[in-house]
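Scroll down for the structure; my scribbles are underneath it.
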Amino acid sequence: MNTYYAANLLIFAGVDIIACLALNLQFGVSGIVNFSFIVFQAAGAYTAAILSMPPDTAPDYTFQIYFGGYQLPFPIPWIGGAVAGGLLALPIGLVVLRRLRADYQAIALLVTSIIANTVINNARPWLNGAAGVALVPQPLQEQLNADTHTYQYLYIGLTAICVAIVWFIAARIVNSPYGRSLRAMRENEVAATALGKNPTALKMTIFIVGGAIAGLSGAILVGFLTVWAPSTWLYPETIILFAAVIVGGRGNNVGAILGALLVPVGFEEVTRLLGGLNIGPPQLIPALEWVCIGLFILGFLWFRPRGVAPEPRHVFPGAPIREDTRWVEGTPAS
Amino acid sequence: MSLLVAAFGFGLVSMSVIALAAVGFTMQFGITNMINLAYGEVMITSAYLAYYVNQAGVSIWIAMLGGAAFGAVFSFLINRFVYAPFQRKGTALLGMVIVSLAVSLMISNAMLPIVGYFSAAYRERFSRLLHFGSLALTVNQIAIIVLAIGVMLAVHALLRYTRLGKAMRATAANPTLARNCGIPTQRVIDVVWLITGALCGLAGVVAALDSDSFTIANGAGFLITALAAAVLGGAGQPYGAMIGAVVIGLITELSAAVWAPDYKQVVAFGILVAVMLLRPQGLLAKRGALAAAG
């Protein structure tokens, strides 16, 4: 295991942790089944790319077509990615989250994800279509040589700082009165409404916050990969993150991190180990992995719906202790 | 003008294919309360089964029946061994959506090593072209239209004039009350999965035949058009799905003629967004997609 490989793994782990924390805020804490999560990550990645790249008329870049190309210095593309993710959540949320029933919201978001990918794939002039954008400058590339070990450590450090910031935000949200309202809405929307909570406003804010965090994760990813194409954000990528949050423990930030390390990072590792063995046709192992992700979701929903690290019960002093306080959405009341 | 007439002809074929798919999808949802996101994958799997039967020398019109039978059995088994146990366990609607998406992912990826990434095509994909004025349709396309009309009439007859149809409508309206009136709702639901599964398999073969060549990745596209037609008509409403199929079939083909064929699904999606904004309950349903409260 060389330094480059270790750096790779750590950065992917960081990006997956950030993404899972955001998805946990939306799905685990608020109960929004955001099947278009990966679209927000993609929006952040594309935005970071066009903010940091030179215009497509620059030498070395003429083989691709994209709009913009602003060559802005380091922190701006990452911030821009987060802003783009948050802004994109606004129109999607306004269409989907206001009047629709919860299961319709889920399918509307799934369809959004598939269609967004189709549009970007077919419309070449915007973001270079199916080929995607390449040669995205890495952060601080002008000042430092991106091929050195030091740069790898720097990138790990930057990712770690972002993980810490996102963790802080997620923890604050979960433990705040706002987080309590979100959980109340998740458990019983009608009752929360009756107590004066506005479910649409609650959903919209968490949708935007989650979208912004997803956009940041995309910006970090594109800065490291230096390429971004529609094939990297197909809708099944969202399902991996769902598997991670379900396996880790929805509603619990620690669970989300655990899930990110177990599912996306763990599977990446297993592929690498099995890839060297040359079993069967080339597509066999990746295909079986997806089948395993599906089995993980079904298995955990069936045997352990609360995940490896279940959400802690929030019992307040003075609250009447009832038998069914152990009940959590998704598990049968025993 | 002749371009629009030709597009209208394609529209007739498209709406036939979409209607076959959407009616089965919407009946599954209306009667068993299950948004089956694996529907598109069952369609494409049935299309592949018919493809192998077709390759063995059987005419596609007979292989189609094999596809329908496979779709029926496959859907029944998915419900029996995955959906029904989760529903009995008390999994919420949202949980069921995740379960069906996981099933969809598993089917398409389990199929991938078997069928490969390459596109397949039926042997009878080319047929004679017939002209009706400036409207030109192949024999296959006419057969698809006739088949779809026949199936729609059969569904209508089933729902209106048979005891089973009455039991299905009762189960859709209020399962508990239906059970208390002596309707064996569990058996009705089993039969519904068989019938809608057959529709799903048939629709898969017809859609594959209509699109000349197909790959495993087409499943998601099949699902989107069926979903759009079902939601437009009002989810759970078979007649609504038929109307939705007519509207979406026509509009997507006309847009392909005047704009770009790559964006057919995008146009279907645009219709879906418009419906969700303007009339979330769909054309026919009273409540449908609207939230219970809030």
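Derivation of every value follows stated rules applied to the coordinates shown; laboratory data play no part. As the structure is a prediction and not an experimental result, all values here were calculated from the model. Ideal geometry is used to build each Cβ from the backbone, glycine not excepted, and the neighbour counts take in all protein chains shown.
List of remarks:
- Between the helical axis of A:149-175 and the longest alpha-carbon principal axis of chain A there is an angle of about 20 degrees.
- Order of B:HIS156, B:HIS131, A:HIS149 under a 10 Å beta carbon neighbour criterion, fewest first: B:HIS131, A:HIS149, B:HIS156
- Normalised contact order of segment B:2-293, rounded percent, pairs of Cα under 8 Å and 6 or more residues apart: 36
- Label-reachable residues, segment B:239-276, where backbone N falls under 20 Å from a point 7 Å from B:ALA6's Cα toward its Cβ: B:249-265
- Compared with the dominant principal axis of the Cα atoms in chain A, helix A:177-187 is inclined by about 70°.
- Cα long-axis angle, helix B:264-278 against chain B (0 to 90 degrees, to the nearest 10): 40
- Legend: mean number of C-beta atoms from other chains within 10 angstrom of residue C-beta atoms, peptide B:217-224, equals 3.
- Loop-resident trypsin sites (Lys or Arg not before Pro) (DSSP state other than H, G, I, E or B) in segment B:82-156 with no more than 14 further Cβ atoms inside 10 Å of their Cβ: B:LYS89, B:ARG123, B:ARG128.
- Of all the options A:GLY307, A:GLY215, A:GLY259, the one that moves most in a Gaussian network model of chain A with Cα springs shorter than 10 angstrom is A:GLY307.
- Farthest toward the positive end of the dipole of segment B:70-192, out of B:THR91, B:LEU137, B:LEU112, is the Cα of B:THR91, where the dipole comes from beta carbon charges about the Cα centre.
- Most mobile of B:SER46, B:SER104, B:SER75 in a GNM of chain B (Cα contacts under 10 Å): B:SER104
- Mean partner shielding of peptide A:185-197, defined as the number of other chain Cβ atoms within 10 Å of each residue Cβ, is 1.
- As a length-normalised measure over Cα pairs under 8 Å and 6 or more apart, the relative contact order of segment A:3-234 settles at 41 percent.
- Averaged over A:290-298, number of beta-carbon atoms from partner chains that fall within 10 Å: 6
- Shape call, the protein assembly as shown: gyration tensor on alpha carbons, a/c limit 1.5: oblate
- Counted charge near B:GLY204, where neighbours are those whose Cβ lies closer than 14 Å (Asp, Glu -1; Lys, Arg +1): -2
- Contact order relative to length of segment A:93-206, as percent, for alpha carbon pairs under 8 angstrom and 6 or more apart: 20
- Selected from B:ALA38, B:ALA257, B:ALA228 as most flexible by GNM, with chain B as the system and alpha-carbon contacts under 10 Å: B:ALA257
- Sorted by Cβ neighbour density within 10 Å, fewest at the top, the residues B:LEU105, A:LEU225, B:LEU129, A:LEU87: B:LEU129, A:LEU87, A:LEU225, B:LEU105
- Net +/- balance of residues flanking A:LEU234 in space, Cβ distance below 15 Å, scoring K and R +1, D and E -1: -3
- Sites A:LEU284 and B:SER59 - FRET efficiency at Förster radius 35 Å, r taken between beta-carbons, to 0.05: 0.60
- Relative exposure of B:ARG163, A:ARG272, judged by other C-beta atoms within 10 Å (fewest first): B:ARG163, A:ARG272
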